[in-house]
1. Of everything in region 55-76, what is among the hydrophobic types (A, V, I, L, M, F, W, C) and either open to solvent by 30 Å² or more (accessible area, probe 1.4 Å) or in a loop (DSSP other than H, G, I, E, B) (or both)? Give them in sequence order.
2. Tell me whether region 5-12 contains one or more residues that are open to solvent by 90 Å² or more (accessible area, probe 1.4 Å) and not in a loop (DSSP other than H, G, I, E, B).
3. Counting only residues that are part of a loop (DSSP other than H, G, I, E, B), in contact with a helix residue (DSSP H, G or I) (Cβ under 9 Å, 6 or more places away or on another chain) and open to solvent by 20 Å² or more (accessible area, probe 1.4 Å), which one in region 279-291 is nearest to L16 (Cα to Cα)?
4. Listed residues A90, A20; which is more than 21 Å from V136 (Cα to Cα) and modelled with pLDDT under 95?
5. Tell me the residue from K260, K294, K246 that is modelled with pLDDT of 95 or more, farther than 28 Å from G114 by Cα and open to solvent by 80 Å² or more (accessible area, probe 1.4 Å), please.
6. Do we have E80 as touching a strand residue (DSSP E or B) at 6+ places or on another chain (Cβ under 8 Å) and either without any contact (Cβ under 8 Å) to a residue 60 or more places away in the chain or in a loop (DSSP other than H, G, I, E, B) (or both) here?
7. Taking into account only those residues within region 170-188 that are crowded, with 22+ Cβ neighbours inside 10 Å and closer than 24 Å to S123 by Cβ, which is nearest to the chain's Cα centre (by Cα)?
8. Which residues, counting only those in region 202-219, are closer than 15 Å to L180 by Cα and over 17 Å from the mean Cα position of the chain (by Cα)?
Amino acid sequence: MKHFTSVNDVPNLELLKQDAQDLASHPNMYQEMGKGRTLGMIFFNPSLRTRMSTQRAAHLLGLSTIVMNIGKEGWNLEFEDGVIMNGDKAEHIRDAASVMGQYCDIIGIRAFAGLDDQKQDYSEPILNAFKQYAGVPILSLESATLHPCQSFADVLTIEKHKHSKRPKVVLTWAPHPKALPQAVANSFVQWMQQEDVDFVLTHPKGYELGETFLQGVHTEYEQRAAFENADFIYAKNWSSFHSYGKVLPIEENWMVTSEKMNLTHNAHFMHCLPVRRNVVVSDAVIDSPNSLVKDQALHRVVAVQTVLVHM
């Protein structure tokens, strides 16, 4: 596996899942694999779980890590070609990425959507620039449109806790005071389409994802109807795709509550974190025995560890 930027980079998902289960049972089985090699981690945006889980995964493989926060610890980077660099951008991505590739064997990139220009965000300028100029494999630590490490961890979490061969999995939109990217939702939809699950997407009208991600997806606009007999409820906010980056006025209360969870088949609750308590989900739900948020976070380590082994 040369790069890991989406589920489409995975040649054999079943093999990847099996290797992850083996690593979960024997986390030190490849502790010498990364000896003498370096993982660079380049952050254009904040991180807690991604940063710590990726470093932990790297250390379990014997990899050294170099972490840099662009904008705080590095020069402001220019991504446009042919520009006269007489502004606040001190270095071009062509030069920066190629140098980083000489120092690192794999480079992880975390770069969110700006939510101002849909066309630019969905062209993944930062991720693709590193793929073009770094000369080494690129690991997405969340891009403008996808978060494959999170989705792989979510798949592993569902696999561990499912009680039926084909569980019903619901991805529900939830309220948020700020405009958030579609990356986690896009990615989760992609990975669920590869799994043997009864997958349902629910959100208010106006919050449809891009058509690229909706082919074959069952969308239910009534949240309570979607929740009926569900085995897993995954809550996540995303801003409008068609009214790009906007928070549209919603009259209905879409927060996940105990009353709504009672409509399910004793479902597990999932969220990638961080989460706005009592806005996205009530305390009673996220703190209940059916909440898997901590297990999802734990699976982030083995997910990245497995991906690094394959890369």
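The values are calculated or read from the model by the stated rules, or taken from the named source; none is laboratory data. Keep in mind the model is a prediction, meaning the values are calculated, not measured. When we count neighbours, we look across all protein chains shown, and the Cβ atoms used for this are built from the backbone with ideal geometry, even at glycine. The area values use the complete protein model at the heavy-atom level, side chains included, leaving out ligands, DNA and RNA. Shrake-Rupley method; radii C 1.70, N 1.55, O 1.52, S 1.80 Å.
1. Hits for region 55-76 are L61, L63, I66, V67, M68, W75.
2. Yes, the conditions are met somewhere in region 5-12.
3. N290
4. Result of the check over A90, A20: A90.
5. K294
6. No.
7. Looking at the filtered set, the residue picked out is V184.
8. H203, G206, Y207, E208
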